[in-house]
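Every number here is computed from the coordinates shown, using simple stated rules; none is lab data. Computed from a prediction, not measured in an experiment: that's the story for all the values here. All Cβ positions, glycine included, derive from the backbone under ideal geometry; neighbour counts span all protein chains shown.
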Amino acid sequence: MVIIITRVTKIKILAFLGFLFVAMAARPGLDVLKRQLAVSGRLKPIYRVATAENKIALTFDISWGEVTPPLVLNVLKEHRIRATFFLSGPWASTHAEVVKRIVADGHEVGSHGYKHDNLSQLSEAQIAENIEKAHRILKDLVGYEPHFLRPPNGDFDDRVITVAGERGYAVVIWSLDSLDWKNPGLDYMIKKVLGKVQKGDIILFHASDTAKQTHLVLPAILQGLREKGLESVPLSELLPAPSHPDPKTPGPR
């Protein structure tokens, strides 16, 4: 099949690419948008990271609740593990002390947006508002600008990735889902994660109160990762983000 690209189409493509590269040069963090350009021209989120190092990233989404977050943090601290937490703006604003503990324990903070809406169903202006409102809240609480966005429900399209990229965010999904939000049982989650995990994986967990078994399964999963020779690190150690001040404490104690 022969695809004919008209002169007008070529101009539009070149203009779009030119916008991206100018934006990347002008705003920190937008180099990640270049990495998300597929050969087909479709934008893709980051699912996993190609790496020669035996590292994976544990990530936790929080949108509601106050029981599970400290339980998860306790386990991570006990095992001296640093992770990445994707926080929704409204939850963070009403749980400032927990957010401060996340940072103090050496974890990384990313954005889970503001309203828990499927961003692909919104207008570009609404997508931008969602991202920006959450950004202002998180920046004030954590003391630096987050650069990773996990859209609610993992929902995205090209517009979501583009609008996020214009604001310095890389859209991050996951390569391995623990399904902990379904509370499927400890054995199921252990097999689901440890049976498939590979270096470079981004593993999805939740620390919202709907995930009632996460803190119970984490010790076995962390032990299993160690036995496989895999080191759990914050996402930015797999995919470097623009530098931000390190928390005052270098990691969990």
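Here are some notes:
- Counting charges near GLU237 (Lys, Arg +1; Asp, Glu -1) among other residues having Cβ under 10 Å from its Cβ returns a value of -1.
- Taking other C-beta atoms within 10 angstrom as a stand-in for reagent exposure, ASP187, ASP117, ASP180, ASP61 fall in the order ASP187, ASP117, ASP61, ASP180, fewest first.
- For GLY110, the residues whose amide H sits under 5 Å from its own are PHE85, PHE86, LEU87, ignoring neighbours fewer than 5 places away on the same chain, with H placed 1.01 Å from N.
- Rounded D (µm²/s) - the range 59-141, Kirkwood Rh over Cα pairs, Stokes-Einstein at 20 °C, 1.002 mPa s: 163 µm²/s
- Pairwise centroid distance, computed over Cα atoms, of the range 62-131 with the range 151-170, Å: 17 Å
- Here the Karplus relation 6.51 cos²θ - 1.76 cosθ + 1.60, evaluated at θ = phi - 60°, turns the backbone of the range 131-148 into coupling constants of 5, 5, 5, 5, 4, 4, 5, 5, 4, 5, 7, 9, x, 8, 8, x, 10, 10 Hz, with x for every Gly and Pro.
- Positive contributions from Lys and Arg (+1) and negative ones from Asp and Glu (-1), summed over other residues with Cβ under 12 Å from the Cβ of LEU218, come out at -1.
- In summary, the aspartates and glutamates within cross-link reach of LYS77, defined as a Cα separation below 14 angstrom excluding same-chain residues under 8 places away, comprise ASP105, GLU108.
- Listed pairs LYS133/LYS191; LYS133/LYS196; LYS55/LYS115; LYS100/LYS182; LYS139/LYS196 exceeding 30 Å between Cα atoms: LYS133/LYS191; LYS133/LYS196; LYS55/LYS115; LYS139/LYS196
- Each residue of the range 49-65 was assigned a 3J(HN,Hα) from its phi angle through the Karplus curve 6.51 cos²θ - 1.76 cosθ + 1.60 (θ = phi - 60°); the sequence is 10, 6, 8, 8, 8, 7, 10, 9, 10, 8, 10, 10, 9, 9, 10, 7, x Hz, with glycine and proline shown as x.
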